[in-house]
Amino acid sequence: IGSVLWSWRMAAGNTGAFSIASLLSDREQSTTSTDGQVAGEVVCSDSASVSGIQVELENRQLWEKFSAIGNEMILTKSGRRMFPALRFLLRGLQPMANYELMVGIEPVDLKRYRYCYQRSQWLENPTPEQDEKPSSNSSRIYVHPASPATGTYWMREAVSFEKMKLTNNWKDNGGHVVLLSMHRYRPRLYVVCTDTGEVEDIVFDETTFMAVTAYQNPQVPSTVQS
């Protein structure tokens, strides 16, 4: 499974208007094809490289293992950590420049799904739940707690987002990422240079997952335990 990257840059001199939430909004308004890819995205191989910055999914083999069976992430009211966790290796940052790293969890589409046990696959559910609420962009952003830090700091070892938690609690005030159950999502890494206002964002397709409150595909918990 390849990697997908998309680059967005702020206009020069417009750094004061930067809003990471607006980036998610822009992504959701983009034209999406039937397979969930956004038109104009570039398909890469093992790692993503844009504007001299190289990003590698450090635990890619583990993610691919889950992707092959259809990954699921548990949502709880108190927040649940992702497994696998997102771990990135970065190269090509300016050593003395300051960067903020954050992950935005974006919907792959606006569909709700259900798991069909007889067919062992996810199917589109034509009848959405009445109590579903749209997730605000800001509630799907997690800023790495070490932000901001220098390029040297971010490049010294793998950057882990293991502390990020997912929840379905719309009243959450703990900084967790709020998602809808039975919807497909994919994480997007944002690398923000706070000195210049430039933003790069990268997606790895193998990190796409279905948000659930309990595992639906029996292969997923078996793979977690192994």
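Relative to the present Cα-Cα distance, how much length would full extension add between residue 91 and residue 111 at 0.36 nm per residue of separation?
3.6 nm is the gain from fully extending residue 91 to residue 111.
In nm, give the distance between the simple-model label positions of residue 219 and residue 195, each being 7 Å from the Cα along the Cα-to-Cβ direction.
If labels sit at residue 219 and residue 195, their model points lie 4.7 nm apart.
Calculate one ³J(HN,Hα) per residue across the stretch 110-119 by plugging θ = phi - 60° into the Karplus curve 6.51 cos²θ - 1.76 cosθ + 1.60, and present them in order as whole Hz with x for glycine and proline.
These are the phi-based 3J(HN,Hα) values: 9, 8, 9, 10, 9, 9, 9, 5, 5, 9 Hz.
Need one value: the accessible area of residue 83 in square angstrom, 1.4 angstrom probe, rounded to the nearest 10.
About 90 Å², ignoring ligands and nucleic acids.
Might you work out the accessible area of residue 120 for me, using a 1.4 Å probe with all protein chains in place, and round it to the nearest 10 Å²?
So the heavy atoms of residue 120 present about 80 Å² to solvent.
Rounded to the nearest 10 Å², what accessible area does residue 181 show when all protein chains are kept and the probe is 1.4 Å?
Its accessible surface works out to 30 Å², give or take rounding.
Keeping all protein chains in place and using 1.4 angstrom, which order do 96, 82 fall into by accessible surface area, from largest down?
These residues rank, largest area first, as 96, 82.
The values are calculated or read from the model by the stated rules, or taken from the named source; none is laboratory data. Because the structure is a prediction, the values reported are computed rather than measured. Note that we place each Cβ from the backbone using ideal geometry, even for glycine, and neighbour counts take in every protein chain shown. Please note that ligands, DNA and RNA were not included when accessible areas were found on the heavy atoms of the full protein model with its side chains. Shrake-Rupley method; radii C 1.70, N 1.55, O 1.52, S 1.80 Å.
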